[in-house]
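The values are calculated or read from the model by the stated rules, or taken from the named source; none is laboratory data. Not measured: the values here are computed from a predicted model. Please note: Cβ atoms are built from the backbone with ideal geometry, for glycine as well, and neighbour counts cover all protein chains shown.
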Amino acid sequence: DALVADLAALGCYRIVTSIDRRFPMHRVPVGVEVVTLRQGRPSLAALLAASDAAWIIAPETAGCLERLVAQAEAAGVAVLGPSAKAIHRAADKLGLARRLGKHGIPHPATHAAQSLAECRKAVRRLGLPVVVKPARGAGSEGVSLVKDSRRLPQAMAAARRAGGSGPLLVQRYL
C-alpha cells in the first residue's frame, strides 16, 4: 500500500498495479489503476508494452521475481530494481555458500541434498540442530530448524513447497 501511495502522490506518473489476492490493498489511492492478471484480462506482456518502466515486486521463491523481471527486460522496459541475472545470482544459496568458502569467509557448513537419505547423511555429518531450506530463493520461506531427526521429512516437505524439486540445503545451525 505504502509504495503505491507514495508513487501516486508524485502526481506525474500513470500508476498501474496488480494485487495479489493474498495481500489485498486496503485503500487504493486516487488515480491508481488496479488490474487483475488472469486469463482473459490484461496480460503482463500487454501492461509492459504500454510502459516505459516497471517496478516489479513478487515473491523471490520458485524463480517468480526472476521470471517476471526477465519478461520485462525482454520487452525492453526499464526495470526499477535488480536485473534478472542479479536476482538469479542472489537467490542461489548453494552458490553463495560456495563463493563464501572460496574466499575464506566463514559461513555455516552446507550440504546439498535431493533425497531423505542424503539429508540424513548430512545430519550425521553436521550433527543436530540443522537448518533445512530450498537451495534457491530468498527470505525464509521453506526454511526449518530441525532439532530432532524425526522432523526431517516435514522440513524437507516445507522446503520443497517453497523451492520446487531442486536440491535442498542442510546447514549447521549456528
Which ones in the range 144-174 are farther than 25 Å from GLY63 by Cβ and touching a residue at least 60 places away in the same chain (Cβ under 8 Å)?
ARG172, TYR173, LEU174
Name the residue that is modelled with the lowest pLDDT, counting only residues in the range 5-30 that are closer than 25 Å to ALA75 by Cα and outside any strand (DSSP E or B).
ASP20
Please count how many residues of the range 96-127 are in contact with a strand residue (DSSP E or B) (Cβ under 8 Å, 6 or more places away or on another chain) and within 11 Å of GLN171 (Cα to Cα).
13
Going through the range 31-52 one residue at a time, which ones are at pLDDT 85 or above and closer than 26 Å to GLY137 by Cβ?
ALA45, LEU47, LEU48
Inside the range 144-174, can you point out the residues that are among the charged types (D, E, K, R) and either surrounded by 14 or more Cβ atoms within 10 Å (Cβ to Cβ) or at pLDDT 95 or above (or both)?
LYS147, ASP148, ARG150, ARG151, ARG160, ARG172
